[in-house]
Amino acid sequence: MHPLPFLAVSAIVVVTPGVDMALVTKNALLHGRGAARATALGVNLGILIWTLAAALGLAALIAASAVAFTAIKLVGALYLVYLGLRALFRSQPAEPPAARGNPFREGLASNLLNPKIAVFFTSLLPQFVDARHAQAQHLLLLGVLFNCLGVVWLLAYAELAARSRNVLSRRRVKRALDRLSGLALVALGLRLATERR
């Protein structure tokens, strides 16, 4: 097992903006610090579940099955588009404030419904384990290390995004940010729907 090179690669992957950061940003700006933290924790529970699936070989089955991959991908894409459209509708000035969803569940669902994570874990983790000695516990340990980095990063990012909320809380700016985060989530959902394995 090669944990140090793995941590270096993982750190780059974790801080690269994507769906997780867009969702944390949206919930931080719309609902504040608690929602942003809950989203981050939901995302990382999803990563932990994918880690267990990779260690048990289930993620490889999903990555190898075109039908399973496509089904999860399309459901995940629809979910992101739904979240994005909700943010866009919330940005309309005539609309009454929408009830807050469950940010923890949003983070968890967006991560579990992303089959690219299955492909990521089944292709990345084994590269840092000696093929002759590859065991589920080694894959699990690497996945837990990845998850720890993710928790630290997303909670720190949630804090930063929540602090920005106070600065950006004016109605016009908030509306523009709602639109921007909504469009970003819709775009990420459409991108996920059209991506290949």
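When Lys73, Lys116 are compared by accessible area at a 1.4 angstrom probe, the order from most to least is Lys116, Lys73.
Loop-located trypsin sites (Lys or Arg not before Pro) in region 1-53 (DSSP state other than H, G, I, E, B) with a sparse environment of at most 14 neighbouring Cβ atoms within 10 Å are absent.
Distance from the alpha carbon centroid of region 23-87 to that of region 114-153 works out to 17 angstrom.
The gain in end-to-end length when the Val13 to Gln127 segment is fully stretched comes to 39.5 nm, 0.36 nm per residue minus the alpha carbon separation. When Rg and the Kirkwood Rh are both derived from Cα coordinates, the Rg/Rh ratio for region 30-85 amounts to 1.08.
The values are calculated or read from the model by the stated rules, or taken from the named source; none is laboratory data. On a predicted model such as this, the values are computed, not experimentally measured, just so you know. Quick reminder, even Gly has a Cβ in these numbers, built from the backbone with ideal geometry, and neighbours come from all protein chains shown. Accessible surface areas use protein heavy atoms only, side chains included; no ligands, DNA or RNA. Shrake-Rupley method; radii C 1.70, N 1.55, O 1.52, S 1.80 Å.
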